[in-house]
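The values are calculated or read from the model by the stated rules, or taken from the named source; none is laboratory data. Just so it is clear, the structure is predicted and the values come from calculations on it, not from any experiment. Glycine gets a Cβ as well: all are built from the backbone with ideal geometry, and neighbour counts include every protein chain shown. SASA here: full protein model, heavy atoms, side chains in, ligands and nucleic acids out. Shrake-Rupley method; radii C 1.70, N 1.55, O 1.52, S 1.80 Å.
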Amino acid sequence: AHASRLRIPAEIPRPPLRNQSSIISSVEYDRNGKFFATAGVSKRISVFDHTNTMANAMQDLPIAHCPIVEMVTRSKLSCISWNKFISSELASSDYEGVLNVWDTSTGNLVHEYEAHSKRIWSVDFCCADPKLLATGSDDSFVKVWSTRSPSAIAQCDVKANVCAVKWHPTQPHTVAIGAADHNVYVYDMRKYDTCLNSFSGHKKAVSYVRWAGNDEIVSASTDSTLRLWHTAN
């Protein structure tokens, strides 16, 4: 589909925070599109009801910054990811290398992992297995976590700061990785000492990756370009 312009149907004002920045680092919808969450350097996760937000906008009513639940964290937040199977489960990563899993129905912390020695830039719940998460950090490691284990169950050393990780849409062991060395990598986390694919072409750090189907990856870079990669052999 093509569009010639974009329209803003709703805008949620950010509340004034004393001595804190209101920069939002991550916005994610849950699996049903019913709720969305925001997180950033204010050290809080805010969960909003999409239907109520849009209903007020359609009635031309003022929209206040009134999340249905907020979770406050110790450190600045870099990324959030909803569980693709459990609608109330949300993961967050922070600047201190901590991975948290939250129950958004109660606002309670469910799991906490001292995951990395440096800032985690990216966290992603697995698309094929509700127990698994992947994290990528400035310490150059990608790690796989299970909500049934207190420690990482797999890891790989990319030899460069990891800016982005995304699970394959159907395979519970394959992740795409964007790195500060300008490259995109694909790893099978069961054989984490061997890279399945690597793609070069960006001129600066790869800040985001996403699967576009089963055998294509879209990458975004701080060189201001998007690239599409074909992974099939």
Which shape class applies to segment 166-228: rounded if a/c is under 1.5, otherwise prolate when a/b exceeds b/c and oblate if not, where a ≥ b ≥ c are the square roots of the Cα gyration tensor eigenvalues? oblate
By average Cβ neighbour count within 10 Å, what is the ranking of 66-76, 126-136 from highest down? 126-136, 66-76
About the Cα centre of the chain, how large is the charge dipole given +1 on each Lys and Arg Cβ and -1 on each Asp and Glu Cβ? Please answer in debye to the nearest 20. 320
Before anything else, pin down the relative contact order of the chain: Cα pairs under 8 Å, at least 6 apart, normalised by residue count, whole percent. 10
Under-19-angstrom lysine pairs by C-alpha in the chain, whenever the two are 8 or more apart or on separate chains: 18
Rounded accessible area of His182 (nearest 10 Å², 1.4 Å probe): 70
Once amide hydrogens are built 1.01 Å from N within the peptide plane, the residues lying 5 or more places from Asp139 or on another chain with amide H under 5 Å from its amide H are Lys118, Val162
Hypothetical label at Leu196: residues of segment 151-170 whose amide nitrogen lies under 11 Å (7 Å Cα-Cβ projection): 167-170
Per-pair calculated FRET efficiency, R0 = 35 Å: Lys203 and Ser87 via Cβ, rounded to 0.05: 0.30
Rank-order 29-42, 192-205 by packing density, defined as the average count of other C-beta atoms within 10 Å over each peptide's residues, highest first. 29-42, 192-205
Using R₀ = 41 Å, calculate the FRET efficiency as 1/(1 + (r/R₀)^6) where r is the Cβ-Cβ separation of Ala232 and Glu112; round to 0.05. 0.60
